[in-house]
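Please read the structure below before turning to the comments.
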Amino acid sequence: MKKILLWDMRQPRSNPARLEIDDAIASACVRAGVATAADPAEAGALGAGAAIDPANPTEIVIWSGVAQRVRRVVVPSAVAALALAAGVAVLPGGAVIAGGTPVPVASWQIIGQYNDTGIGPQVTNSITVRALTTQRAKLAANNVTALRCYGQAYYVGGSGGLEIGVGNDVPTRAAALHGSTLLGISPSPVAIPNGSGATLVTEITGLSLSAGAVLDLQKERVLTSGQQSVQTIPYAAGTLPPGVGRRADDGSGASALGTANPSGLSAGTLEGGIWLAYGEHPTYTFGGLADSIYYNNTDAALGDGGLIGAEGRTAEGGGMLRRGFRAAALATGIETPLIMMGRPAAQLSVYRANNAARRQKYPFFNTLILQAFTNDFDTSGGNKTVEQMRVISEAEAADYIAAYEAGPNGGIIPCRVLIALPLPRGANVGALTTTQQRISDFVGLVKAGGVANIAGYYDVNSVFSIPGEPGRIANPAQFNADLIHPAPLGHADGSAYYSAMLQQPVPWIPL
């Protein structure tokens, strides 16, 4: 057994993983150039031999040290082949212990596709109210033994996306049901502190749930006169049924927490809980850092992304990312988890200085989709150059990686950052505008691998731009009159792109 420091090939500026593994595999990693000896005295021995092809990043599960700690790592395919042949590693889905017996890799990660950043404060209550929200999530994780519910007491508002506390603590309880079986309930309210991004409300243990189980997830807030809670993107309450992946916010459904007070209280768009499960999750769980281009649409009903006809829906809603995840879930039967973070008018450059609450969620998912905000490039917005956005993007990616690695899944489940290429923007009149040129140049930079800490990208730009001209809109019908925000056609086309990508073995374009 030899100790090495192994770098993730796709995120070379991230901190290396410290492993103690089979001598031959440790040597192969060093000779491929993706690791170095942890003990300088062993550097010569580990580096002896022919160089190994460093191409084709491949994720494997390997055991490390005498304690046989399970680790997921990314190595060149040639190294992966050696480790698999030696019986000291397997492909994701199992890990090796002594004797070669596979055991699962469990972790705490998000479930469901309903999680939101608050978009505003609830209207201040003139009386004491007891508000309920109900949600549903279809588990993609297997062998789930515990659940956690987190709450938040902030929203994202102001120019560029500033985090603002709701102004008061929010006493909260939560409950989870599987069918008619109550899995667990908060014994007493937990006060979510004003401004918190993720406060633990309850933990439910002793469970045995399998992938495909549909959970009813419930939340109660008691708000006295003059207090308010968090409001999120409208979900067309009352027009869509409480299908998998969305919430019914009017408090009319059966609840283990009781009934709304006053009776029939419309909670409108109060946000639901953020739920995590401890179990064997799908390889990728996602967070989307996005602005109004991904959040907003001009359909009659904003919503969870469910498609017309699915689960009884008569109206369609949700921006392209959420809708793409929902379409992929309906096509595959697997509800890949997604949590959205951001707001309209957002700028990544502003977010960097105002994201303490949202960063509390970074350890909850292993794949961050970083939308390239066109507001940053726009001369009337952030007015950032391509070089400035490269630096900002690299810094946020590095901060996500550091936050994730410091969390409960660091060193066990690998993480990665992906860039969603910016959409074209503005009218096609004469020469490219400064904003259009910046968008075009940034698209080229990302595709050339010129942004560090990035594992891959989504070329959603190609769905909207003139071929070979990433800054120019090909079909104005895909956009609203402002030529910035997608129209219903644009959201439909963008969601089709994301749905198709999510159904691929590697659901992004690797760098």
Subset of region 484-511 that is in a loop (DSSP other than H, G, I, E, B) and in contact with a strand residue (DSSP E or B) (Cβ under 6 Å, 6 or more places away or on another chain) - its residue that is surrounded by the most Cβ atoms within 10 Å (Cβ to Cβ)
W508
Scan region 454-464 for residues that are open to solvent by less than 10 Å² (accessible area, probe 1.4 Å) and either closer than 12 Å to P422 by Cβ or touching an Asp or Glu at 6+ places or on another chain (Cβ under 6 Å) (or both) and report the count.
4
Tell me whether region 39-54 contains one or more residues that are among the small types (G, A, S), open to solvent by less than 50 Å² (accessible area, probe 1.4 Å) and outside any helix (DSSP H, G or I).
no
Selected residue [among the charged types (D, E, K, R) and more than 19 Å from M9 (Cα to Cα)] from E396, E387
E387
In region 168-191, what residues are within 24 Å of L207 (Cβ to Cβ) and surrounded by 18 or more Cβ atoms within 10 Å (Cβ to Cβ)?
T172, R173, A174, A175, A176, L177, L183, G184, S186, V190
Lone unmet requirement of (1) buried (at least 24 other Cβ atoms within 10 Å of the Cβ); (2) at pLDDT 95 or above; (3) in contact with a Leu (Cβ under 7 Å, 6 or more places away or on another chain); (4) assigned to a helix (DSSP H, G or I) for D376
(2)
Which listed residue is of a type outside the set (D, E, K, R) and within 25 Å of S255 (Cα to Cα), from G151, G167:
G151
Return yes or no: is G226 within 22 Å of the chain's Cα centre (by Cα), farther than 18 Å from T134 by Cβ and at pLDDT below 95?
no
Right, V61: of a type in the set (A, V, I, L, M, F, W, C), at pLDDT below 85 and open to solvent by 60 Å² or more (accessible area, probe 1.4 Å) or not?
no
Name the residues in region 208-232 that are open to solvent by 20 Å² or more (accessible area, probe 1.4 Å), part of a loop (DSSP other than H, G, I, E, B) and under 20 Å from A137 (Cβ atoms), would you?
S208, S210, A211, G212
Checking G430 against (1) of a type outside the set (S, T, N, Q); (2) touching a Pro at 6+ places or on another chain (Cβ under 8 Å); (3) not in a helix (DSSP H, G or I), which single condition isn't satisfied?
(2)
Where the second residue is surrounded by fewer than 18 Cβ atoms within 10 Å (Cβ to Cβ) and hydrophobic (A, V, I, L, M, F, W, C) and the first is in a helix (DSSP H, G or I) and lies in region 15-38, which pairs have Cβ atoms under 6 Å and are six or more apart or on separate chains?
R31/A51
Out of the residues in region 384-405 that are among the small types (G, A, S) and touching a residue at least 60 places away in the same chain (Cβ under 8 Å), state the one that is surrounded by the most Cβ atoms within 10 Å (Cβ to Cβ).
S393
Of the residues in region 349-374, those that are more than 26 Å from A106 (Cα to Cα) and among the hydroxyl-bearing types (S, T, Y) come to S349, Y351, T374
In the set V66, V105, V70, the lone residue that is part of a loop (DSSP other than H, G, I, E, B), modelled with pLDDT under 90 and open to solvent by 20 Å² or more (accessible area, probe 1.4 Å) is V66
So, M340, is that one modelled with pLDDT under 90 and either open to solvent by less than 10 Å² (accessible area, probe 1.4 Å) or among the acidic types (D, E) (or both) or not?
yes
When residues of region 418-453 are limited to those that are in contact with a helix residue (DSSP H, G or I) (Cβ under 9 Å, 6 or more places away or on another chain) and β-branched (V, I, T), the one surrounded by the fewest Cβ atoms within 10 Å (Cβ to Cβ)
T434
Selected residue [among the small types (G, A, S) and either outside any loop (DSSP other than H, G, I, E, B) or open to solvent by less than 10 Å² (accessible area, probe 1.4 Å) (or both)] from A146, A140
A146
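The values are calculated or read from the model by the stated rules, or taken from the named source; none is laboratory data. Note that this is a predicted model, so its numbers are computed, not measured. Don't worry about glycine lacking a Cβ; one is built from the backbone with ideal geometry, like all the others, and counts go over all protein chains shown. To get the accessible areas, we keep the full protein, side chains included, count just its heavy atoms, and leave off ligands, DNA and RNA. Shrake-Rupley method; radii C 1.70, N 1.55, O 1.52, S 1.80 Å.
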